[in-house]
Every structure is written in C-alpha cells, then in structure tokens.
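Below is one structure, written out as structure tokens; the observations come after it.
Quick note: the coordinates plus some simple rules give every number you see, no bench work behind them. Worth saying up front: this structure is predicted, and the values here are computed from it rather than measured. Cβ placement follows ideal geometry from the backbone for every residue including glycine, while neighbour counts extend to all protein chains displayed.
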Amino acid sequence: MSLKPLTADTQRFLDASPHKLLIDGEWVDAASGETFASINPSDGTHLADLASAGPEDVDRAVAAARRALDGPWSKITPAQREAMLRQLGDLITVNAAQLAELESLDNGKPIHHTQAIDAPAAAKRVYHAAGWSGKIEGHTVPVSIPNHFVYTRREPVGVVGIIIPWNYPLIHSMQKIAPALACGNTVVFKPSPWASVALVRLGQLMQEAGFPPGVVNILTEPEIAAGVALAEHPDVDKIAATGSVGMGRSVIHASAVNFKRLSLELGNKAANIIFADADLEAAVSGAFKAAFGNTGQSCVAGARLYVQAPIFNQVVDGLLEMTKGIKIGHALNPDTTIGPIVNQIQMDKILGYIQGGLEQGATLVCGGEQLTDGEYANGFYLAPTIFTNVRDDMTIAREEIFGPVVSTFSFETEEEVVARANDTEYGLAAGIWTRDVARAHRVSEALKTGVVWVNTYDMFDSAAPFGGFKGSGYGRDNGPEIIETYTEVKAVWVSTK
C-alpha cells in the first residue's frame, strides 16, 4: 500500500495537538479542561486531541458573538466584509493541500476527492458569498396610502449557530459560514465530533483573513451537548444546521425558547430512476457513483435505484461489473476510490440495516460484510453492497442508511415509479435517466424533492439553491435564496406630508 506522504504543514498542525476552542478571537481550553480524541478511520490510529466544549463554553462563545455583532462587526462596511471573505478564499486555496489531507485523515474520504473537490469547492463557496456582501438590497413599495414613502431593508438575523455533519466538513462549513458573514451576522460554529480537525485549521485561516474577534467562534466536542445548548440558547437568533431528522426535531423543539429562525437540511432517501430509453452506459456509471460516492456517506446518495423492467437485469449486472474495478483502501492512497466508513459506530449501524434487509427477505447480491483482513484490519471498511428483491415497505428501502448500500427495484410505468419515488417522508434529491426530453420535464415536476438531476447526478454549484421538501427540512443553501436564509426584512414607512 503506497500512501501519499503528509505535507510538512499538515504534520506540524497535527503535532500541535491538543487543539483548543476559538472564542472571542483566542484559542482557549474548554472550561472543563477536558479533551477528546479524533481517530483516523483508515487505520484506527490516533490523529489529534480536541478541546471538549460544554454549556459554559457555549455561553462564552455566544456572548463573544453578541459583543462583536453589536460592536466592531456592525461598523464594517460591505466592501470590507467582501475583502475579508475574498482573503479567506485565497487562504483556503493556498492551503488546499493541507486542508484536503486533514479532511481525508479525519473522515476517511479519499485524498483524490478532497484535493479535487472538497478543498476547491470550499474556496468557491467563500468567493461566491463574498460577492453578495455589497449586493444585499431592499426595494421601494408602492403602497396605496397617500403621502407615504415605503422601502425595505435587509438586515442581519444576528448571532447564528451553525451545526454541520462529518461527511463534507470543508464544504458544509463554508456553505453556511461564508454567506452568514456576508450578510453581516456573527457565528458560533459547532462541527461534528467525527470530523473537526480540518475545521480547527480553517478557524486559524479565518483569523489570518482579518475577521474581528468574536465574529466566528468554533466549539468542538465529542457528543451533542454543545449543539443542544446552542439550539436552546436564548441569545442565539438563528440555527442553520445539516444533519439527521432526529437532530432537526431536537433543534426545532429547542428553538421555541426565543422563536429562533431556522434553516435545516435533514435526511434523505433519494430515488434514482433509470428508464429503458436511457443511455445505459452513462446511467449505470452514474448510478454507481450516486450510490457509492464518498462510500455512500452522502445526504443525496442514490440509495433507491428504480430501473424499468426491460433493462433491470442489465443494470444490476453493470453495477456488479463496476464493483470489480474499484479500489477500497486507505484515504491517503491515491489509487483509493472508496475509503472507510467514518467509525465503528456508523459501521455497526450500517451492518444492522444490512442484517435487517436479509431478515425481511431482500437478496444480497454483493458486499454486506465488514472487511477485516490485511490492510483493512484496523480500519472501518465495507464493500459496495447491492440488494435486489427489495419491497418498498422494507426498512432498507425507507430509512437513511448513510453507507455504501443500494436497494434496487423494478418498475413498469412512469406513473408507477413517480408514486413509489414520492412515497417517502424525505424530499431532498432525486435522479432521472432518460433520452425523452418531455418525460424528463414531466417527472422532474412530479417528484417532490428540492433537487432533481437529469442524466447526471450529485452536481452542485454556489449559484444553484440546495435544500429539501417534506422531512428533508426547509430553507436553502447556495443560490440567491441564501440571502433569505441569513437576513431579516424590515419595512420603513416615511410620511411625506
């Protein structure tokens, strides 16, 4: 196994462990003095120690964010905010190799992915948000009451608590933090305990970019207590979160303390639909990547694959053939195409779903067992897992597994597959593969999801909004809709008598 050697900068950063909390512009120990370990999922080795934030640290961070909001940050002009964000984008670009290595070490994503996609995409999110700073506008309102001039203002929501998961830490963090700052808010940021290391380094880059103390505060912790305290805190004005449905419910309940503004991107069980008239080479390759990209640890993973009956066997055979050409391995191996599951906790959850699928009568055609021999002995590895003979009411067809597991289904008609695809509590994303342009538009309209990909999959851009219907949450990341997410609208009435 030939691993990509770490850069000197990455090794120095890891050697500086334990890493502290960023509160009010200073790196400080947790009030409790406690730390927790980050483990490399590729080989089970110790990566770094991180400060373990608690409720007292949340109070300190929120107070710092409030002081910054009411003080120096409120006096920063839009042009100055834009300049700071552009400087941050430049710093992410310059340090992309290090950030990519830290993310791969921390959550097991293959290094070719973090270098080619995650680190550059994080910088792009910042650059795009920077451009919004001077373009947040109100408008005049033609009211029907004489002698009054009415206009609107868009103002910052205030102190924003941001909570993200572990699967795309660099992208998720900048997708939320950058536009929140562009709109003039301050931030208390709570990354996942399973992937915080790269984000500590990102916090250092934010300081280098010139953001005043308290504008961005970063709290790491091994559990969810700080996240709950953040959601419950009466001086936090908004929560922007990505995570599970369970997390979303807890945030909604906690937000009632002060009627917090919320934007939530939650679970999903994406339907990926291949019609018989599709370009099969493209559709099979696309379905494989949709199901197993990032080891299936994606909120948009194409985990329900619906294939029209005449081509069902051909598609499944194509997927099985593609499994022979993959390299499962250490995240730092440049040849790795599928890395490890993030940890044993998640592995056990996935294996439980696989066992449940077997018990309910589904047919396992490949994968399904943790790899433990040789180079896999100390990591958390699972081969791509494909089920056939899956019923729509089975647990593996209804619940989000968040691993390299795809359930395949045969269907006959367009109307049938649309009804089955929509028969879910979720509504984040879906895919369609067809050469029929009219069908593509009909089905795109009929699917109850926030994103539909046609003859492609898993495409994102800062200019295009992203978010869900139904149980997949509300609010949007990216696109012009992001301004709605991080501002309040004020109407101003002026008498002209």
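Distance from the Cα centre of segment 106-137 to that of segment 32-70, in angstrom?
23
Dividing the Cα convex hull volume of segment 102-220 by residue count, how many Å³ per residue is that?
Cα-based convex hull of segment 102-220, divided per residue, equals 124 Å³.
Could you work out the relative contact order of segment 271-462, using alpha carbon pairs under 8 angstrom and six or more residues apart, expressed as a whole percent?
27
Which listed residue (Leu351, Ala438, Leu85) has the Cα farthest towards the positive end of the charge dipole for the chain, taking +1 on Lys and Arg C-beta and -1 on Asp and Glu C-beta about the Cα centre?
Projecting each Cα onto the dipole axis, the largest value belongs to Leu85.
Mind checking the angle between helix 245-255 and the chain's longest principal axis? C-alpha axes, 0 to 90 degrees, to the nearest 10.
20
Rg(Cα) of the chain divided by 2.2 N^0.38 Å?
1.00
Using the structure shown, select from Lys238/Lys497; Lys176/Lys490; Lys327/Lys448 the pairs with a Cα to Cα distance greater than 29 angstrom.
Lys238/Lys497; Lys327/Lys448
How large is the charge dipole for the chain, taken about the Cα centre, if only the Cβ atoms of Lys, Arg (+1) and Asp, Glu (-1) carry charge, to the nearest 20 debye?
Computed charge dipole of the chain: roughly 1500 debye.
Can you pull the three principal axis extents for the Cα set of segment 268-349, in Å, largest first?
Its Cα atoms span 39, 28, 17 Å along the three principal axes.
Looking at segment 1-157, what % of the alpha carbon pairs are farther apart than 20 Å?
Of the Cα pairs, 67 percent sit more than 20 Å apart.
Classify segment 162-308 as rounded, prolate or oblate from the Cα gyration tensor: take a ≥ b ≥ c as the square roots of its eigenvalues, call it rounded if a/c is under 1.5, otherwise prolate when a/b beats b/c and oblate if not.
Verdict is prolate for segment 162-308.
Identify, among Phe380, Leu320, Ile111, the residue whose Cα sits farthest towards the positive end of the charge dipole of the chain, taking +1 on the Cβ of Lys and Arg and -1 on the Cβ of Asp and Glu, with the dipole about the Cα centre.
Ile111
Along each principal axis of its Cα atoms, how long is segment 1-93 end to end? Whole angstroms, biggest number first, please.
53, 35, 18
I'd like the orientation of helix 96-107 relative to the chain: the angle between its Cα long axis and the longest Cα principal axis, in ° from 0 to 90, rounded to 10.
60
Below 8 Å between Cα atoms, with a sequence gap of 6+, how large is the relative contact order for the chain in percent?
18
Mind pulling the angle between the C-alpha long axis of helix 437-446 and the longest principal axis of the chain? Nearest 10 degrees, somewhere in 0 to 90.
60
Residue by residue, what Karplus-based ³J(HN,Hα) values in Hz, rounded to whole numbers, does segment 53-64 have, using 6.51, -1.76 and 1.60 with θ = phi - 60° and x for Gly and Pro?
Going residue by residue, I get 6, x, x, 5, 5, 4, 4, 5, 5, 5, 4, 5 Hz, with x marking Gly and Pro.
What ranking do Asp70, Asp43 get, fewest neighbouring Cβ atoms within 10 angstrom at the top?
Asp70, Asp43
Just to be sure I understand: of the beta bridges DSSP finds with both ends in the chain, what percent are antiparallel, rounded to 5?
40
How high is the relative contact order of segment 350-419? Use alpha-carbon pairs under 8 Å, at least six apart in sequence, and give a whole percent.
30
Which Rg and Dmax, in Å, describe the Cα atoms of segment 271-462?
Considering segment 271-462 through its Cα atoms, Rg and Dmax are 16.1, 51 Å.
Note down the magnitude of the dipole of segment 271-462 about its Cα centre, charges +1 on Lys and Arg C-beta and -1 on Asp and Glu C-beta and zero elsewhere, to the nearest 20 debye.
180
Output the Cα-based Rg and Dmax of segment 235-304 in Å, rounding Rg to one decimal and Dmax to a whole number.
Just the Cα atoms of segment 235-304 yield Rg and Dmax of 17.5, 55 Å.
Do the sum for the chain: with -39,500 (n - 2.57) for every DSSP H run of n ≥ 4, divided by all residues, what is the mean residue ellipticity at 222 nm, to the nearest 500 deg cm²/dmol?
It lands at -11000 deg cm²/dmol.
Give me the percent of DSSP beta bridges within segment 271-462 that run antiparallel, rounded to the nearest 5.
20
In the chain, with Lys and Arg counted as +1 and Asp and Glu as -1 at Cβ, which of these residues, Thr152, Thr496, Pro165, has the Cα nearest the positive end of the dipole, that is, farthest along it?
Most positive-ward Cα: Thr496.
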